[in-house]
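The values are calculated or read from the model by the stated rules, or taken from the named source; none is laboratory data. Owing to the predicted nature of the structure, the values given are computational and were not obtained by experimental measurement. Counting neighbours? That spans all protein chains shown, and the Cβs are built from the backbone with ideal geometry, glycine included. Accessible surface is based on the protein model in full, side chains and every heavy atom, while ligands, DNA and RNA are left aside. Shrake-Rupley method; radii C 1.70, N 1.55, O 1.52, S 1.80 Å.
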Amino acid sequence: MMTYFTEEGAAVPATVIALEEGNMVTMVKTQATDGYDAVQVGYKVVPERKVRKPELGHLTKAGCPPMKHLREFKLLDAAKVGEYKPGQALDIAQIFKAGDNVDVAGTTVGKGFQGTIKRYGMKRGAMTHGSKSHREHGSTGPGTTPGRTLPGLKMAGHMGAQRRKCRSLQVLKVDTERNAIVVKGSVPGKAGNILEIAPAKIVGTNC
């Protein structure tokens, strides 16, 4: 993250999202052929040996180079499907503009196996006076009735490395020279993480 100064002089937290080579339309799905309207987008060009043969044939048919990531974005407006064609390169200057709100989805940072204090913010026990329960989570359920641990109990386990979406982040700047965009606030994951950016879903407007 970084500090971004707006034209009004306000200092706001921001994240710079860079776009690598790729970002092309690999497939267009319509109501007539697939039962719904969507656009499949490929990202990050890689050598052919790093792409499976069926996927490589799919990309070659669309006239696209080998790409590592494929994602599908549904379109509610059927009229916009005709604007996209397989092999078309997406221009960020035409998709995003300063002041727009976007939804950014990605995989959060993995924390490994963690206890309940770090994972759920539970309180610890006394650290002195003979206490033998410092960071344990405590009881896992009643004894005789029902005599078992109920499902959904918060316990120690794997933390992070989950898909999360930050909704309605404001686009502060679109840099076409560096092929990057600057959004207000934080995004899921760490530096180098793959993100999905789409126009923000607003109830009653586009969803």
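Couple of notes before you dig in:
- Tabulated pairs, segment 152-163, first over 20 Å from E136 (Cα atoms), second open to solvent by 50 Å² or more (accessible area, probe 1.4 Å) and assigned to a strand (DSSP E or B), C-beta under 9 angstrom, 6+ apart or interchain: G160/T107; A161/T107; Q162/T107; R163/T107
- Residue check for T3: open to solvent by 60 Å² or more (accessible area, probe 1.4 Å) and among the hydroxyl-bearing types (S, T, Y): yes
- Within segment 110-132, considering residues that are within 25 Å of the chain's Cα centre (by Cα) and surrounded by fewer than 12 Cβ atoms within 10 Å (Cβ to Cβ), the one nearest to P188 (Cα to Cα): G112
- When G87 is tested against (1) at negative phi; (2) touching a strand residue (DSSP E or B) at 6+ places or on another chain (Cβ under 8 Å), exactly one condition is not met: (1).
- Filter result for the condition that a residue is without any contact (Cβ under 8 Å) to a residue 60 or more places away in the chain, open to solvent by 60 Å² or more (accessible area, probe 1.4 Å), more than 30 Å from Y43 (Cα to Cα) and touching a helix residue (DSSP H, G or I) at 6+ places or on another chain (Cβ under 6 Å), over R148, R135: R135
- Segment 22-74, residues that are among the acidic types (D, E), assigned to a helix (DSSP H, G or I) and crowded, with 16+ Cβ neighbours inside 10 Å: none
- Within segment 78-90, not a single residue is free of Cβ contacts under 8 Å to residues at least 60 places away in the same chain and part of a strand (DSSP E or B).
Table: residues versus (1) modelled with pLDDT under 90; (2) within 18 Å of the chain's Cα centre (by Cα); (3) among the acidic types (D, E).
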residue	(1), (2), (3)
D37	no, no, yes
T60	no, no, no
F73	no, yes, no
V102	no, yes, no
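- Looking across segment 174-187, the residues that are modelled with pLDDT under 95 and open to solvent by 80 Å² or more (accessible area, probe 1.4 Å) come down to T176, E177, R178.
- Condition met for K190 (of a type in the set (K, R), open to solvent by 80 Å² or more (accessible area, probe 1.4 Å) and either over 22 Å from V41 (Cα atoms) or without any contact (Cβ under 8 Å) to a residue 12 or more places away in the chain (or both)): yes
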